[in-house]
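Heads up: the structure comes next, in C-alpha cells.
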Amino acid sequence: MNFSIEQLQSFVAVYEQGSFSKAAQALDKHRTTIGQVISNLEDELAVELFERVGRTAQPTEDATLLYRYAKQVIEQARSFDKLALSLSFGELESITIAYTSFLPTRAIALVRKKLLELHPNMKVNFIIRNRETIREGIQNDEIHFGLVNIDDRSLVNSIDSTLVSNITFSVFVSKEHEVLQVPEDQRWAALQSMKQIVIKGMIEDSMESKVISSSDYEVVDQLTLALQLIRENVGWGLLPRLITYTEFKADDLEEVEMSVMKERFRVPMAVWSPHSKHLRTIHSEIVSVLLAYSEEVNTYAEKYYNKTNKKFYR
C-alpha cells in the first residue's frame, strides 16, 4: 500500500479542522485539491474516512483509529526533514531560548553563563513565552530551545524533549495574612474566598483548573511581581517552594500548612528543541546546567529546612 505524506497531511488537516475548506486554507491549497487527495486516500485504504455533512467533514470510526498514527508519521517526517537540513550547518551565530514566566531567573542566568563559556561568539536571546507559543516557534524555526512545563505529558515527536526537574509549588502568604489565624483544617476553604495572585504563564500553559482556587483572583506576568504582592499582603499565591526559600530569602513569607493538602503541586520542567545535529550539543549543555542547578537548590534547601525545622519537599 503506497500513500504519500501529502495525503496524510490532508487527512490530518481535515480531521482537525472539521471541513475541507478550512483544511485547504490551513494547507494553502484549493478545496477541490484537498477533496481529491482525500478521495484517492480513501480508495487506496478501501475505507471511508469522512462523512460529508453540509460544509463539514465528520470523521468516521476508521478515521479516528487512523488519525493518531497519521499524525505521528507527519511529525516524524518533519523531524527527518529538519535533521537532514541541519547536517550541513556549522556553529550557530545566534540562538533564541524561550522560557515560561514562572521559571527562576537565576536558572536562566546560569544557562547563559555556561553558553558564554562554551560558545563565546554566539549570541543568545531570551524571551518569555507560553508553552504553545514555544511549541509553534520551535516547529517554525523561530525558537531554538524552550524551557517549558510538560504537565500535560503529551508526546511531541517532532521536538527533542528532556525532563530536567519537577518544581514543587506551595501556598504562601505574608506573615500578617488572616488565614494564619484560621485552624489548619479550615484554611483551604478560607483561601477559596480570599484574593489569590496567579502567575499568567501557568494559565497560558492550560493549568488554570489546577492553580486557580479562589473566585477572587488577579493575574500577573512575572514570578517576582507575584512574590512581591504576596509579601505586601495583597493576596495569597502558589509559588515554587524551593526557589522561594533559597533564592528569594522569603523570611517575610509563611508557607501555609493545611491538613487537607496531602501532597504538593508539582510541575515537570523540560528542555525542548528541534531534532537537529547542530543543536544537539547545546541541548545537552542546557540540560546539564539545569540538572546541576536543581541539585544545588535541593541540597541548599534541605540544609535550610533542617535548620528551621520545616518539612522538606523536592
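Observations, loosely collected:
- Candidates A270, A23, A107: whichever shows maximal mean-square fluctuation once the chain is modelled as a Gaussian network with Cα springs under 10 Å: A23
- Full-extension gain in nm, M122 to L180, via 0.36 nm per residue minus C-alpha separation: 15.9 nm
- Farthest towards the positive end of the charge dipole of the chain, among the residues Q139, A98, Q58, is the Cα of A98, using unit charges on the Cβ of Lys, Arg, Asp and Glu.
- Between I5 and T281, the FRET efficiency from the beta-carbon distance, with R0 = 22 Å, is close to 0.15.
- Potential lengthening of the chain between T224 and E48 amounts to 57.9 nm, from the contour at 0.36 nm per residue minus the alpha-carbon distance.
- For F126, solvent-accessible area (1.4 Å; no DNA, RNA or ligand), Å²: 60 Å²
- Shown are D141, D28, whose ranking by accessible area with a 1.4 Å probe and every protein chain present, most to least, is D28, D141.
- Estimated at the nearest 10 Å², the accessible area of I128 is 70 Å² with a 1.4 Å probe.
- Only lysine pairs 8 or more places apart or on separate chains count here, and in segment 1-135 those with Cα atoms under 22 Å apart total 6.
- Taking only the Cα atoms of the chain, the radius of gyration and Dmax are 24.0, 71 Å.
- Between amide H atoms placed 1.01 Å from N, distances below 5 Å from F169 occur with R241, F265, R266, V267, all of them 5 or more places distant or on a separate chain.
- Under 5 Å, built H, 5+ apart or other chain: amide partners of N233: S174
- Considering only the chain, percent of DSSP beta bridges that pair antiparallel, nearest 5: 60 percent
- Projecting the Cα atoms of M207, Y293, S10 onto the dipole axis of the chain, where Lys and Arg carry +1 and Asp and Glu carry -1 at the beta carbon, places Y293 farthest toward the positive end.
- On the basis of the beta-carbon distance and an R0 of 22 Å, Q25 and E132 show a calculated FRET efficiency of 0.65.
- Solvent exposure of the chain as accessible area per residue, Å², 1.4 Å probe: 52 Å²
- Nearest-ten-degree value, helix 31-45 long axis tilted from longest Cα axis of the chain: 80 degrees
The values are calculated or read from the model by the stated rules, or taken from the named source; none is laboratory data. What you are looking at is a predicted structure, and each value in this text was computed from that prediction instead of being measured. When we count neighbours, we look across all protein chains shown, and the Cβ atoms used for this are built from the backbone with ideal geometry, even at glycine. Each accessible area value is taken on the protein alone, full model and side chains, heavy atoms only, with ligands, DNA and RNA left out. Shrake-Rupley method; radii C 1.70, N 1.55, O 1.52, S 1.80 Å.
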